[in-house]
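Each remark here refers to the structure printed beneath this line.
The values are calculated or read from the model by the stated rules, or taken from the named source; none is laboratory data. From a predicted model like this one, the values you see are computed outputs, not experimental measurements. Reconstructed Cβ throughout: ideal geometry from the backbone, glycine too, with neighbour counts over all protein chains shown. Side chains are part of the model used for accessible areas, which takes the heavy atoms of the whole protein and leaves out ligands, DNA and RNA. Shrake-Rupley method; radii C 1.70, N 1.55, O 1.52, S 1.80 Å.
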There are 2 protein chains.
Amino acid sequence: MNILFIMYDQLRFDYLGCAGHPHLKTPHFDRVAAMGVQFTNAYVQSPICGSSRMCYYTGRYASSHGAQWNNFPLRVGEQTLGDHLRKLGMDCWLLGKTHMKADAAGMERLGLSPDSTIGARQAECGFDTWIRDDGLWGYGPDGYYDEKRSPYNEYLKSKGYDGENPWADYANAGITDDQIASGWMFRNAGEPANIAEQDSETPWLTSRTIEFMEQATGTWCAHVSFIKPHWPYIVPAPYHNMFGREHVPPARRHEVERENPHPVYGAYQDNKVAKAFQRDEVREKVIPAYMGLIKQCDDQLGRLLDHLEATDTLKDTMIVLTSDHGDYLGDHWLGEKDLFHEQSVKVPLIVYDPRSTAHPTRGTTCDALVESIDLAATFVEAAGGKVPDHIIEGRSLLPWLRGETPDWRTFAISEYDYSCTPHAAKLGVEPRDARLFMVFDGRFKLIHAEGGMRPMLFDLIEDPDEFHDLAKGQAHQPQIEQLYGMLAQWGRRMSQRVTRSEDDIKAMRGKSLGKGILPFMYDGSEVDEKYTAKYRGPVRQRHVGDTDA
Amino acid sequence: MNILFIMYDQLRFDYLGCAGHPHLKTPHFDRVAAMGVQFTNAYVQSPICGSSRMCYYTGRYASSHGAQWNNFPLRVGEQTLGDHLRKLGMDCWLLGKTHMKADAAGMERLGLSPDSTIGARQAECGFDTWIRDDGLWGYGPDGYYDEKRSPYNEYLKSKGYDGENPWADYANAGITDDQIASGWMFRNAGEPANIAEQDSETPWLTSRTIEFMEQATGTWCAHVSFIKPHWPYIVPAPYHNMFGREHVPPARRHEVERENPHPVYGAYQDNKVAKAFQRDEVREKVIPAYMGLIKQCDDQLGRLLDHLEATDTLKDTMIVLTSDHGDYLGDHWLGEKDLFHEQSVKVPLIVYDPRSTAHPTRGTTCDALVESIDLAATFVEAAGGKVPDHIIEGRSLLPWLRGETPDWRTFAISEYDYSCTPHAAKLGVEPRDARLFMVFDGRFKLIHAEGGMRPMLFDLIEDPDEFHDLAKGQAHQPQIEQLYGMLAQWGRRMSQRVTRSEDDIKAMRGKSLGKGILPFMYDGSEVDEKYTAKYRGPVRQRHVGDTDA
């Protein structure tokens, strides 16, 4: 069985037909959901691209692997999906975005060249790179945000799109008054991108994926990682006007959220993107474009499914559809992601396992508390391995797919490191304290902030919209304490004992006895005489010869 | 300035003259204490050789580096003293014991050969090896405990001590009735070891250290790491009978400790070494030998000090004397180390800094809560560096040596992983749950056990002997909760964000704006026009040529 591990970027859990969106029809996502299981409570371990992805790729919490924000390098030697799957005879390929930053200092310290196979994998979080393009070709007075080469820009140039950065000028810009109307500006979100639809980012990567599959031999996991529907919010025709302001729901926000908010939440409410999404005209421009981008993703997913059917490989391919985090889109007075409301931290997760063991659950939903790190464990088990649970902290989802009800976690954790943001400076918080933790037990969601601030608490049963921060009052101390207990338990987890498995340890027990380590004997009668045999015998005399001083 | 970082193995904090021992005179330890500062509340991060040492060498907690027990390899790439000091132009040498187990699997994964300089350092926890000998040449029906070469055994053989393992047959054995009287058996502890005193382990390593210093150039830190007074408890003449049963204090133990003990403590009370040390004849044999071993260490320390004086280098050499953990010697009904009573987890720590900045504190004691991980930070600062506090979790002791009173930690942490012991199996605890945590705030000491057991609590002011486990009752819930709060705070510490320093992060802030990442604009007026310049301009038309599909 091969694995098609498809990630969309910034795809909200509720912007799919199968998730109940009232206007957005996504027949191809729905088709996978009908073949597989839709997990309705899937949480990412950090609601920000880079860190979330490193959690997916390592199967470990952000605090465990340390790549806690975009462009914090994943430390050299940290084990990834590639390490685990290759051991099981499964190749592990990347097509698209990872937001991985190589630990260049660590690689240099260990003498690893990025040109070597080992070094290249270290630099690409364990993947072999079929094509890497993070889709963030922003440029400004200080140069490019991403200094690597852009296969997508190279593609566009080969197709006759001119200029230094056709990603910006064509794929992510429309035209107004014969001027470039950049997709960076929300007022342009309704313009059609100035690009042939088949040359835009999602079809481009889909075509590359089909090329990959056509040549692939052996058993593989392919991480197909689309930049869209991530901003810039702009999409080519015909997707640019499939949706209009009539499809834009009112923002899910409440005045009570602005009353004495938690300091960190308050800071985010006041940031530039939040201010923008608090304007109706922004939501009315952006959300239809966002929906168009998703619609395009769905159509391109259809191409992939059709290819699998046409080649009769659907029966041998596990398909996973998910995202690295959501998008507030103006809900809770916020834009972007970063915090822990459902719009940000919950992701779509659909898993299709072609094997007969998964027949009992096809087309069902599962509301278990799932963490994104569970996929790494799932893939290892799907590849026929035993999950190395001294390294991978997630848990295989395969039992759920088989229709079993395994003992399962009672809380999910997510983390956010805002040390690089201006909010940390504004709040007077040192980088090491600019960290947030979410604990969610399926009903109550606690957010702890380091640095001496109070927590936040939401009751998702009584208040599914998460408007009322119960930690403002005193009535929920018992729940707060219970969730803090869970966070403390998690804080004591064993996350770095990665060089000895549970089985290794059991096998080590008592072994020192047979190797003559016996610091407990009075006279030797305490153990079988075979253990002391080497320590007994007639005394010998040293031969003092000319070597003696 | 050079650093002589001297470690003894299993040296109890209170078995030194300067620590107030009533019978054991250690004029050379005392001499260093008179020149420097004696830290009277120094705690190791794990009371077991291998794990404690990896904490010293990394400056990180056991849960942070993951080498939580003897022979759990330190993961490849984990940064050590060697990495930090070499960057500052200071060499970092090993002479003696580390108990390091190389992460061979990790090295192979990264293509590191143990023969390369980088690989050799990885395999030796960052040190360049002048001489490595762990002094545990136990052997039995299953072979050697330590499968490396033994420079000490090679030395003995070169001196005419014959047989396969003269470490066992001569250095750690006496003679009874013309038979080898192994030091493994406590009844033989009073015999003189069958070896010329100058060939025994402590003088041997001292001589190697003097040779090292005689040839050393440049600036260096030398970790001189003696195996003694660690078992086997046997010492050559004249040290074997310097002390007798009249110097053996009564065991510090109380019947109340045997009444309904904490399950883990109860299991340790019943283990083989505890049973042995519960016998008076064991203590009366072992403790005089242990004292003799320390006396020999003291004399050999005198040789080192004399050498430094004779070469006029005392004024350029920082000297640190410490241990990896203590030894119960029958106190609390226990033998060995492993748990968190003061006898096990507290260590001697004497630091002499030759520089004038340390003049104000010479000959004083300091009762700050010190952790063994503080030495790595101390050495980095002593070498002229800024402590990389995103990697090293300890704090420099130099402010104390200068007579300052820095803001300081309010609690110390120690950990113990007993997953490899038979106790874990007996208690029905899985390897991942066989972990203990100590939190000590200077008065109350809480011990938390994973796996659903109750904690232990001691009040060291009311009960300095730690006989009365206050967690058996309900009266100390507030203290228990407070210490659990400290443990939870520690559990949330930032320990793996090792690829970005605090300064790096501050420097990253706001940098994406200048690189064209602007996902918050409605029309571009929100930012200076230089930031959007590259996104504006007359629209261009794609040049569709023969490359188009």
What are the aspartates and glutamates whose alpha-carbon lies under 16 Å from the alpha-carbon of A:Lys275, with same-chain residues fewer than 8 places away excluded?
A:Glu255, A:Glu257, A:Glu284, A:Asp327, A:Asp331, A:Glu336, A:Asp338, B:Asp523, B:Glu526
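Residue by residue through A:281-289, how many Cβ atoms from other chains fall within 10 Å of the Cβ on average? Kindly include the intermediate steps, with their values, before the conclusion.
Values: counts 1, 3, 0, 0, 1, 1, 0, 0, 0.
Average neighbour count from other chains, rounded to a whole number: 1.
Taking the Cα centre of region A:2-409 as origin, work out the dipole magnitude from +1 charges on Lys and Arg Cβ and -1 charges on Asp and Glu Cβ, in debye rounded to 20.
Details: 40 positive and 57 negative charges, 128 e Å.
Computed about the Cα centre, the dipole is about 620 debye.
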Can you check what the Kirkwood hydrodynamic radius comes to for region A:68-226, Cα pairs only, in Å to one decimal?
17.4
Could you compute Rg(Cα) / (2.2 N^0.38 Å) for region B:226-336, with N its residue count?
1.35
DSSP-loop GluC sites (Glu not before Pro) across region A:457-523, with at most 16 other Cβ within 10 angstrom
A:Glu462
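Sorted by accessible area (1.4 Å probe), largest first, how do B:Ser63, A:Ser512 line up? Present the calculation step by step, with values, prior to reporting the outcome.
Working: B:Ser63 15, A:Ser512 45 Å².
These residues rank, largest area first, as A:Ser512, B:Ser63.
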Of the GluC sites (Glu not before Pro) in region A:143-248, those whose Cβ has at most 13 other Cβ within 10 Å and which sit in DSSP loop:
A:Glu147, A:Glu164
Among A:Asn41, A:Gln79, A:Ile350, flag the residue with its Cα farthest along the positive direction of the charge dipole of chain A, charges on Cβ as +1 for Lys/Arg and -1 for Asp/Glu.
A:Gln79
Leading residue at positive end of dipole, region A:2-409 (Cβ point charges), from A:Ile319, A:Trp167, A:Ala189
A:Ile319
DSSP H segments from chain B that extend 15 Å or more along their own axis, Cα-based, with Kyte-Doolittle mean of -0.5 or above:
B:280-310, B:477-491
Test of understanding: extend the Cα→C-beta vector of B:Asp128 to 7 Å, then name every residue of region B:218-241 with backbone N under 17 Å from that spot.
B:218-224
Run the dipole for the protein assembly as shown about the Cα centre, Lys and Arg Cβ at +1, Asp and Glu Cβ at -1, nothing else charged, and hand back the magnitude in debye, nearest 20.
80
Sites B:Lys426 and A:Glu526, calculated FRET efficiency, Cβ-Cβ separation with R0 30 Å, nearest 0.05:
0.95
Normalised radius of gyration for chain B, please: alpha carbon Rg relative to 2.2 N^0.38 Å, two decimal places.
1.10
Grab the eigenvalues of the alpha-carbon gyration tensor for region A:499-549, scale each by 5, take roots, and send me the semi-axes largest first in whole angstrom.
34, 19, 8
Can you give me the C-alpha center-to-center distance between region A:390-414 and region B:72-100, rounded to a whole angstrom?
38
Name the lysines eligible as straight-distance cross-link partners of B:Lys472: C-alpha to C-alpha under 17 Å, and not fewer than 8 places from it in the same chain.
B:Lys445
Extent of the protein assembly as shown along each principal axis, from alpha carbon coordinates, in Å, largest to smallest?
102, 64, 64
B:Asp14 label point, 7 Å along Cα→Cβ, cut-off 16 Å on backbone N: hits in region B:33-55?
B:40-43
Cα-projected label distance for A:Arg303 with B:His359, points at 7 Å along beta-carbon direction, nm
7.9
Note: B:Glu147 to B:Arg443 extended length (0.36 nm per residue) minus current alpha-carbon separation gives 102.2 nm
For peptide A:483-496, compute the average count of partner chain beta-carbon atoms within 10 Å of each residue's beta-carbon.
5
Just counting partner chain Cβ atoms within 10 Å, what average do the residues of peptide A:523-533 show around their Cβ?
3
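Taking every pair of alpha-carbon atoms in region B:51-124, give the share separated by more than 21 Å as a whole percent. Kindly include the intermediate steps, with their values, before the conclusion.
Numbers: 581 of 2701 pairs.
Cα-Cα pairs in region B:51-124 separated by more than 21 Å: 22 percent.
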Net length gained if the chain between B:Lys315 and B:Asp280 were fully extended (0.36 nm per residue, minus Cα distance)
8.0 nm
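With respect to the cross-link table entries A:Lys159/A:Lys285; B:Lys101/B:Lys295; A:Lys506/B:Lys426; A:Lys272/A:Lys337, which display a Cα-Cα separation exceeding 20 Å?
Working: A:Lys159/A:Lys285 29 Å; B:Lys101/B:Lys295 30 Å; A:Lys506/B:Lys426 12 Å; A:Lys272/A:Lys337 13 Å.
Beyond 20 Å between Cα atoms: A:Lys159/A:Lys285; B:Lys101/B:Lys295.
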Histogram of C-alpha separations across region B:87-178, 10 Å bin width, %
14, 36, 30, 14, 4, 1
Taking the Cα centre as origin and putting +1 on Lys and Arg beta-carbons and -1 on Asp and Glu beta-carbons, what dipole magnitude results for region A:415-549, to the nearest 20 debye?
840
Please report, in whole Å, how far the alpha carbons of region B:448-493 spread along each principal axis, starting with the longest.
31, 22, 18
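Counting DSSP beta bridges in region A:2-409, what percent are antiparallel, to the nearest 5?
Given both bridge residues lie in region A:2-409, the antiparallel proportion sits at roughly 35 percent.
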